[in-house]
1. Val181: assigned to a helix (DSSP H, G or I), modelled with pLDDT of 90 or more and either within 13 Å of the chain's Cα centre (by Cα) or closer than 22 Å to Lys88 by Cβ (or both), yes or no?
2. Might you check whether a residue that is within 26 Å of Asp165 (Cα to Cα), touching a Pro at 6+ places or on another chain (Cβ under 8 Å) and modelled with pLDDT of 90 or more occurs anywhere in segment 42-63?
3. Counting only residues that are under 14 Å from the mean Cα position of the chain (by Cα) and surrounded by fewer than 16 Cβ atoms within 10 Å (Cβ to Cβ), which one in segment 62-94 is nearest to Thr44 (Cα to Cα)?
4. Taking segment 53-107, which residues are at negative phi, free of Cβ contacts under 8 Å to residues at least 40 places away in the same chain and outside any helix (DSSP H, G or I)?
5. Any residue in segment 129-142 that is small (Gly, Ala, Ser) and over 28 Å from Glu18 (Cβ atoms)?
6. Is there any pair linking a residue in segment 161-187 that is in contact (Cβ under 8 Å) with a residue 40 or more places away in the chain to one that is of a type in the set (Asp, Glu) and part of a helix (DSSP H, G or I), with Cβ under 9 Å and at least six apart or on different chains, and which?
7. Kindly indicate the residue of segment 95-116 that is in contact with a Phe, Trp or Tyr (Cβ under 8 Å, 6 or more places away or on another chain) and more than 15 Å from Ala48 (Cβ to Cβ) and also surrounded by the most Cβ atoms within 10 Å (Cβ to Cβ) among those meeting that condition.
8. If we keep just the residues of segment 127-138 that are crowded, with 21+ Cβ neighbours inside 10 Å and closer than 16 Å to Trp78 by Cβ, which is nearest to the chain's Cα centre (by Cα)?
Amino acid sequence: MLSYPTGMSPSTKHSLLEDIQGMALGVFLCALGLTVLTAVGLITGQTAGLAVIIAYLTGWSFGLVFFVINLPFYVLAWRRLGPVFTVKSLISVTLLSVLSTLIPRGMTFATLNPALAAITFGAVTGLGLLALFRHNGSLGGLGVVALLVQDTTGFKAGYVQLSVDAVIFGAAFFLFPATIVMWSLLGAVVLNLIITFNHRRDRYIAT
């Protein structure tokens with residue numbers, strides 16, 4: 001149950017229109033960040049990172065791979081976080097899958113430094129995820145598993161996600177040049193720092 005500080009009331013909750021625009025902006029920013037990331041062949045962590053690696057190795061569309069990978073997690077999300085969160089996540093994942101296919105058709109880069117691409121990805125995608133979090137949405141995937149592990153074992157969700165990222169990046173060293181993996185790690189660090197310093201539910205009331 002939500003609690004409201006003195007002077008605040010339930011009227012501060014997001015309206016449907018606010019949720020729609022906030023989630024749409026968040027997904028667009030995430031898709032834009034992924035477009036920059038993949039334009040120079042970099043990778044990332046979590047479910048999106050797994051989808052990027054599979055897309056690189058198979059030649060399949062990232063959007064399709066990302067959508068399919070997320071399907072099993074909706075069952076867990078429904079049980080762990082409820083129908084509203086699950087539906088919002090399904091919409092967000094579907095929209096990201098579509099946008100990540102469409103944006104590269106209208107945006108190409110003649111010159112893009114890998115370091116700049118990594119930093120841009122981390123910053124833009126971090127802002128996009130913040131927008132989704134503030135409207136009770138997500139991009140599904142392994143984050144749901146992390147929460148489930150935390151509930152059942154007490155092992156913190158953040159550590160679960162870090163462990164998954166360690167496995168993904170560790171495997172990437174055997175699949176891609178070391179320089180690609182190192183620049184990718186820079187992007188992941190920037191993204192996680194933005195989330196760490198800016199995602200505080202106790203400072204943000206409307207949900």
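The values are calculated or read from the model by the stated rules, or taken from the named source; none is laboratory data. Treat the numbers as computed from the prediction; the structure is a model and nothing was measured. Cβ: placed from backbone, ideal geometry, glycine included. Neighbour counts: every protein chain shown.
1. no
2. yes
3. If we take residues in segment 62-94 being under 14 Å from the mean Cα position of the chain (by Cα) and surrounded by fewer than 16 Cβ atoms within 10 Å (Cβ to Cβ), then Thr94 is nearest to Thr44 (Cα to Cα).
4. Passing the criteria: only Trp60.
5. Checked against the condition, which is being small (Gly, Ala, Ser) and over 28 Å from Glu18 (Cβ atoms), segment 129-142 yields no hits at all.
6. From residues that are in contact (Cβ under 8 Å) with a residue 40 or more places away in the chain, there are no pairs.
7. Filtering segment 95-116 for residues that are in contact with a Phe, Trp or Tyr (Cβ under 8 Å, 6 or more places away or on another chain) and more than 15 Å from Ala48 (Cβ to Cβ), the one surrounded by the most Cβ atoms within 10 Å (Cβ to Cβ) comes out as Pro114.
8. Ser138
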